[in-house]
1. With springs only between Cα atoms under 10 Å, which of Glu132, Glu55, Glu39 fluctuates most in a Gaussian network model of the chain?
2. Please rank Val38, Val133, Val142, fewest neighbouring Cβ atoms within 10 Å first, as an exposure proxy.
3. Hey, what did the chain get for relative contact order, percent, Cα under 8 Å, at least 6 apart?
4. Check the straight Cα-Cα distances from Lys148 and name the lysines below 26 Å, setting aside those fewer than 8 residues away within the same chain.
5. Taking the chain as the reference, fit the longest principal axis to its C-alpha atoms, fit the long axis of helix 9-40 to the helix C-alpha atoms, and give the angle between the two in degrees, 0 to 90, nearest 10.
6. Could you work out which residue, out of Met88, Met101, Met63, moves most in a Gaussian network model of the chain, that is, has the largest mean-square fluctuation with Cα springs under 10 Å?
7. Just how far, in whole angstrom, is the stretch 69-115 from the stretch 1-51 if you go by their alpha carbon centroids?
8. So how tilted is helix 46-57 from the main axis of the chain? Cα-based, degrees 0 to 90, rounded to 10.
Amino acid sequence: MSEFLVDWYFWVKSLHVVSVIAWMAGLFYLPRLFVYHVEAVAAGSDTDTLFQTMERRLLRAIMNPAMISTWVMGLALVATPGIVDWSMAWPWVKAGSVLGMTWFHMWLAGQRKHFVAGTNTVSGRQYRMMNEVPTLLMLLIVISVIVKF
């Protein structure tokens, strides 16, 4: 198996990067949709239904598959011999940040369910603030992977 991973390293890495880009796009966009949803849409209106449809499709058709692919390709990279030196800090920082991104993804999925149930209590301002979480985690991940401290 390790020989396969070494031979396919650049393909796996490429698919990992593409998956991360798609996942990050969703992690940036869904909270922004929530801001507009909570600030400008009346519950039960046609626009409310439209926003719920956009949010559901973004989460299920783009974000969930991208997150799964990111994890699968990332774990394949971790399993590739010679790629990760666990005695350094960077893989631990990246792993913790990826877990944070996954938590944020799940939190967004839960918030979408609140919109569907009509029980959302988070304000547009709070969603704007939460929208900074993936940015901070992305910075940690990119710096740790590139600088390899």
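Just so you know, all these numbers are worked out from the coordinates, no wet-lab data involved. Only a predicted model underlies this, so the values are computations on that prediction, with no experimental measurement involved. Counting neighbours? That spans all protein chains shown, and the Cβs are built from the backbone with ideal geometry, glycine included.
1. Glu39
2. Numbers: Val38 20, Val133 17, Val142 13.
Least crowded to most crowded, the residues run Val142, Val133, Val38.
3. Working: 127 pairs, mean separation 56.0, N = 149.
Relative CO of the chain lands at 38 percent.
4. Lys13, Lys94
5. Roughly 20 degrees between the two axes.
6. Checking each option, the largest mean-square fluctuation is seen for Met88.
7. For the stretch 1-51 versus the stretch 69-115, the Cα centre distance is 14 Å.
8. For helix 46-57, the angle is close to 10 degrees.
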